[in-house]
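> Sharing a structure below in C-alpha cells format, with a few things to ask.
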Amino acid sequence: PRSYSRNNGQGRIRDVVHISERPAEANDRAVPGHWEGDLVYGSANSCMATLVERQSRFVMLVKIPGRHTSAEVVRALTDHVQSLPTELFRSLTWDQGKEMALHQQFTIDTGVQIYFCDPKSPWQRGTNENTNGLLRQYFPKGTDLARWNADELAAVARALNSRPRKTLGWRTPAEALDEHLRSLQQASVASID
C-alpha cells in the first residue's frame, strides 16, 4: 500500500496508509473483520477506545489508562485485538488523531493494517460515529470515564450488542457476529474432514 505523512494540525503522523487503500471487502462490508475505531473523551482528560466491526456492528470498548498517549492507546488496543481470532480482525480504520502516531508498532504486533481517514472527515468512519452517539446514552458528555473499569465497559458493550438493528434485519450485532463465527467453525470442521 502507498503510505505518506499527514499533517493533522496536531503534529505529523508518519507513513499513514490512506482509507482509499482499504480493501474493497472492507468498503462494501462483504467480509467481517474490518473495524472502525476512535477515542471517546470524558472529563478530567479521561477516555476509552471504541471499536466497531463494520459488517455486524459489533462493539468493543477498551479502557485506556493514563493520559492516552500513543504508547498507551496502541498498547491497550494491541492487547485487546490479540485476544480475538485473526479472522475477526483484518483491518482498522482510524481518524488522524495523534494517539495513533505509533500505528506501525500496532501493525507489527498484531498483523492488522490501520487505514487513516481524511482529516475532519468523520463520515468516513460512519459506523463508529453512530456508535459513539449511542454510547452517550451511557456516558454523557462530562462523565469521568476513568471511573469505569474494564468489566463495566464490557457490560455497556454487551447492552449495545444486544440491541436489534434495522440495518441488520432486526438482528442484534451479537447475533450477526455469532452467525459469522459459526460459519467459520463449520468451515474449519469441513477442512479437517
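The values are calculated or read from the model by the stated rules, or taken from the named source; none is laboratory data. In this text, all values refer to a predicted model and were calculated from it rather than measured experimentally. Note that we place each Cβ from the backbone using ideal geometry, even for glycine, and neighbour counts take in every protein chain shown. Quick note on the areas: whole protein, heavy atoms, side chains included, nothing else; ligands and nucleic acids left out. Shrake-Rupley method; radii C 1.70, N 1.55, O 1.52, S 1.80 Å.
> For residues that are touching a residue at least 40 places away in the same chain (Cβ under 8 Å) and open to solvent by less than 30 Å² (accessible area, probe 1.4 Å), scanning just segment 67-92, find the one that is farthest from the chain's Cα centre (by Cα).
Step by step, filter segment 67-92, then rank; the result is 88.
> Starting from residues that are in a loop (DSSP other than H, G, I, E, B) and either small (Gly, Ala, Ser) or surrounded by 20 or more Cβ atoms within 10 Å (Cβ to Cβ) (or both), keep the ones in segment 1-16 and report whichever is modelled with the highest pLDDT.
If we take residues in segment 1-16 being in a loop (DSSP other than H, G, I, E, B) and either small (Gly, Ala, Ser) or surrounded by 20 or more Cβ atoms within 10 Å (Cβ to Cβ) (or both), then 11 is modelled with the highest pLDDT.
> If you check residue 182 against the conditions, is it over 23 Å from residue 67 (Cα atoms) and surrounded by 13 or more Cβ atoms within 10 Å (Cβ to Cβ)?
no
> How about segment 90-193: which helices (runs of 4 or more DSSP H) wholly inside it have at least 3 residues that are under 17 Å from residue 34 (Cβ atoms)?
Per the criteria, 103-110, 126-135, 173-192.
> Go through (1) touching a residue at least 24 places away in the same chain (Cβ under 8 Å); (2) open to solvent by 30 Å² or more (accessible area, probe 1.4 Å) and name the single condition residue 42 misses.
(2)
> Next question. When residue 31 is evaluated against the numbered criteria (1) farther than 26 Å from residue 142 by Cα; (2) open to solvent by 20 Å² or more (accessible area, probe 1.4 Å); (3) part of a helix (DSSP H, G or I), which criterion, by number, is the only one it fails?
(3)
> Next question. Got a sec? Which of 19, 64 is open to solvent by less than 40 Å² (accessible area, probe 1.4 Å) and closer than 19 Å to residue 125 by Cα?
On the way: 64 fails: closer than 19 Å to residue 125 by Cα.
From the options 19, 64, the qualifying one is 19.
> Also: Condition test on residue 133, is it free of Cβ contacts under 8 Å to residues at least 60 places away in the same chain and more than 23 Å from residue 75 (Cα to Cα)? It would help to see each step written out before you state the result.
Details: free of Cβ contacts under 8 Å to residues at least 60 places away in the same chain: yes; more than 23 Å from residue 75 (Cα to Cα): yes.
Taking the combined requirement at face value, the residue satisfies it.
> Now for a separate question. Return the residue satisfying two criteria in turn: it lies in segment 111-140 and is of a type in the set (Phe, Trp, Tyr) and open to solvent by 40 Å² or more (accessible area, probe 1.4 Å), and of such residues it is nearest to residue 23 (Cα to Cα).
Checking each candidate, the answer is 123.
> If you scan segment 93-110, which residues turn out to be under 15 Å from the mean Cα position of the chain (by Cα) and either open to solvent by 20 Å² or more (accessible area, probe 1.4 Å) or farther than 11 Å from residue 19 by Cβ (or both)?
95, 97, 99, 100, 103, 106, 107, 110
> Looking only at segment 141-163, which residues are touching a Pro at 6+ places or on another chain (Cβ under 9 Å), open to solvent by 50 Å² or more (accessible area, probe 1.4 Å) and closer than 24 Å to residue 93 by Cα?
Once the filter is applied, which keeps residues that are touching a Pro at 6+ places or on another chain (Cβ under 9 Å), open to solvent by 50 Å² or more (accessible area, probe 1.4 Å) and closer than 24 Å to residue 93 by Cα, segment 141-163 yields 162, 163.
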